[in-house]
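Inspection log for the structure reproduced underneath, given as structure tokens.
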Amino acid sequence: MFGCLVAGRLVQTDAQQVAEDKFVFNLPDFESINHVVVFMLGTVPFPERMGGSVYFSFPDQTGMPVWTLLGFITNEKPSAIFKISGLKSGEGSQHPFGTMNLPQTPSVAQIGISVELLEQMAQQTPVANAAVSTVDSFTQFTQKMLDNFYNFATSFAVSQAQMIPNPSEVFIPSNVVLKWYENFQRRMAQNPFFWKT
């Protein structure tokens, strides 16, 4: 019913069913994992009005599992990418796996999927820094490039009094660069593909 993918590793489709509505994937050597993808295999859909809450568990210093809600998958959103690298030192949250005695070793984390009502899932709040940015890599690159160009160009700013006359040099007022930078950012926010038209 579910699959789990970590970059550089084989796809896992062998979720252990620990209860009628709960499934667990083991993630060995979890310290080297930054992101994890959880998805439905497409063979069995969720029952109507149901979805899956996705949890991440890692052992704390005492070896006890710390569970954190990452997010959700549903029939309408059958896959999700979660960032887990920053969660390993955080605190856990309420979870449905608390009463189960799931074996866990110090170097193995777990992904838990709890099948729940969509209304119940809507009332839960996933940990904030697990969501992967929905901004595509081109938009991220463009924003970083804009920031870098603006910072680079303004690092050469000099006042009128500091300017040394040089007839072969062309000077551009820094407020022109700032205006271009702000306009470009505004247009990117409105439509990341405006440059295609």
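The values are calculated or read from the model by the stated rules, or taken from the named source; none is laboratory data. No experiment lies behind these values; they were computed from the predicted model shown. When we count neighbours, we look across all protein chains shown, and the Cβ atoms used for this are built from the backbone with ideal geometry, even at glycine. SASA here: full protein model, heavy atoms, side chains in, ligands and nucleic acids out. Shrake-Rupley method; radii C 1.70, N 1.55, O 1.52, S 1.80 Å.
Here are a few things to note about the model shown:
- In the set (1) open to solvent by 70 Å² or more (accessible area, probe 1.4 Å); (2) modelled with pLDDT under 90; (3) more than 22 Å from the chain's Cα centre (by Cα), E20 fails one condition alone, (2).
- Hits in the stretch 136-184 (condition: β-branched (V, I, T) and more than 25 Å from W195 (Cβ to Cβ)): V158, I164, V170
- Test for A189: is it at pLDDT below 80 and out of contact with any Asp or Glu (no Cβ under 9 Å at 6 or more places or on another chain): yes
- Residue within the stretch 8-16 that is of a type in the set (K, R) and either farther than 22 Å from P126 by Cα or at pLDDT 95 or above (or both) present: yes
- Looking across the stretch 23-34, the residues that are assigned to a strand (DSSP E or B) and either free of Cβ contacts under 8 Å to residues at least 24 places away in the same chain or open to solvent by 40 Å² or more (accessible area, probe 1.4 Å) (or both) come down to N26, P28.
- Residues located in the stretch 1-22, provided they are in a loop (DSSP other than H, G, I, E, B) and in contact with a Phe, Trp or Tyr (Cβ under 6 Å, 6 or more places away or on another chain): A15
- Restricting G51, G63 to those that are of a type outside the set (D, E, K, R) and under 20 Å from L5 (Cα atoms) reduces the list to G51.
- Filtering E116, E91, E76 for residues that are open to solvent by 60 Å² or more (accessible area, probe 1.4 Å), assigned by the TED database to the domain that holds A15 and modelled with pLDDT of 90 or more leaves a single hit, E76.
- Hits in the stretch 35-52 (condition: out of contact with any strand residue (DSSP E or B) (no Cβ under 8 Å at 6 or more places or on another chain) and either of a type in the set (A, V, I, L, M, F, W, C) or outside any loop (DSSP other than H, G, I, E, B) (or both)): V44
- Filter result for A128 (under 25 Å from L70 (Cα atoms), surrounded by 15 or more Cβ atoms within 10 Å (Cβ to Cβ) and either modelled with pLDDT of 85 or more or of a type in the set (G, A, S) (or both)): no
- Qualifying positions in the stretch 36-55 - within 22 Å of the chain's Cα centre (by Cα) and farther than 19 Å from P65 by Cα: V37, V38, F39, M40, L41, G51, G52
- Subset of the stretch 4-17 that is touching a residue at least 12 places away in the same chain (Cβ under 8 Å) and of a type in the set (G, A, S) - its residue that is surrounded by the fewest Cβ atoms within 10 Å (Cβ to Cβ): A7
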